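There's a structure below that I have some questions on.
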Amino acid sequence: MTAVSGKAHRLGDNIDTDRIIAGKYTKTLDAGDLAAHLLEDYDPELKERIRPGDVLVAGENFGCGSSREQAPIAIKTAGVSVVLARSFARIFFRNAINIGLAVAEVPEHEIPDGARVRVDLLEGTVVDEDAGQSYRATRMPAVMAEILEAGGLVPYLKEHGGYEASP
C-alpha cells in the first residue's frame, strides 16, 4: 500500500468535503452508495472515468469544510489508490489515514490530468511517468504507513491489541 501507481484525475483548489460527497448522501452507511456520488457536483462523469488504482491529484486545501468521514470513504470505495494534493485540510488528512485511504502532500506538483503517476509514500517520491518528472512529497511517518497497511486505524488497533469491540 505504500507504493502505488495509477492514472491521474486532476482537480482544483479548495475542494471541500461537501463537493467530495454532498451532505444529502451522508445519511447512509453503504460505502458503495457514497462512491456512486463521488464529486458529482464538481464533475458528474468523474466517477465513471475512475478505475481501481487511479489517483486523485488536487491543488491547495483539499478536503476543507466539514469533518465528515464519508468523504474519504467515498474516495476509497470508488477505487482511488491515493490522493495527492499541494495541501490538505488537516482533519481530512487524518480521516483519510484513519479509514485507510493513502494521501500525500506534494507542494510543488504540476501533474496534469491523465498522467500515469507512481507514488512511494515511505520515500516521499511522486513520479509523473509520462513526463519523466519527479516531485518530492511529504514523507509518511512510519506509524501512519503501518495504519494504511493495516487498512485503517481500527484494524491497526485490533492488530496491536489496542482495540476491543463492545459486546
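Quick one: how many residues across segment 137-156 are touching an Asp or Glu at 6+ places or on another chain (Cβ under 9 Å) and more than 17 Å from VAL4 (Cα to Cα)?
1
Separate question: Sort through VAL103, VAL80 and tell me the only one that's part of a loop (DSSP other than H, G, I, E, B) and closer than 21 Å to ASP18 by Cα.
Going through VAL103, VAL80 in turn, the sole match is VAL80.
For residues that are β-branched (Val, Ile, Thr) and part of a loop (DSSP other than H, G, I, E, B), scanning just segment 106-126, find the one that is nearest to GLY63 (Cα to Cα).
VAL106
Quick check, is PRO107 farther than 19 Å from HIS9 by Cβ, at pLDDT 95 or above, surrounded by fewer than 22 Cβ atoms within 10 Å (Cβ to Cβ) and not aromatic (Phe, Trp, Tyr)? Please lay out each step first, then the result.
Details: farther than 19 Å from HIS9 by Cβ: yes; at pLDDT 95 or above: yes; surrounded by fewer than 22 Cβ atoms within 10 Å (Cβ to Cβ): yes; not aromatic (Phe, Trp, Tyr): yes.
Considered against the rule, which asks whether it is farther than 19 Å from HIS9 by Cβ, at pLDDT 95 or above, surrounded by fewer than 22 Cβ atoms within 10 Å (Cβ to Cβ) and not aromatic (Phe, Trp, Tyr), PRO107 comes out as yes.
Cβ-Cβ distance below 9 Å, separation of 6 or more or different chains: which pairs start in segment 41-69 with a residue that is basic (Lys, Arg) and end on one that is open to solvent by less than 50 Å² (accessible area, probe 1.4 Å) and assigned to a strand (DSSP E or B)?
Between residues of segment 41-69 that are basic (Lys, Arg) and residues that are open to solvent by less than 50 Å² (accessible area, probe 1.4 Å) and assigned to a strand (DSSP E or B), the close pairs are ARG49/HIS9; ARG51/GLY6.
Mind listing just one residue for me: the one in segment 63-93 that is open to solvent by 40 Å² or more (accessible area, probe 1.4 Å) and among the hydrophobic types (A, V, I, L, M, F, W, C) and, of those, nearest to the chain's Cα centre (by Cα)?
Per the criteria, the residue is ILE73.
Mind listing whichever residues of segment 115-154 are touching a Phe, Trp or Tyr at 6+ places or on another chain (Cβ under 9 Å), surrounded by fewer than 15 Cβ atoms within 10 Å (Cβ to Cβ) and at pLDDT 95 or above?
Across segment 115-154, there are no qualifying residues.
Quick grid of which residues meet (1) under 19 Å from ARG136 (Cα atoms); (2) at pLDDT below 95:
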position	(1), (2)
THR2	yes, yes
THR28	no, yes
LEU38	no, no
LYS47	no, yes
VAL83	yes, no
LEU101	no, no
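The values are calculated or read from the model by the stated rules, or taken from the named source; none is laboratory data. The model shown is predicted, which means the values in this text are computed figures rather than measured ones. All Cβ positions, glycine included, derive from the backbone under ideal geometry; neighbour counts span all protein chains shown. Note: areas computed on protein heavy atoms with side chains; ligands, DNA, RNA excluded. Shrake-Rupley method; radii C 1.70, N 1.55, O 1.52, S 1.80 Å.
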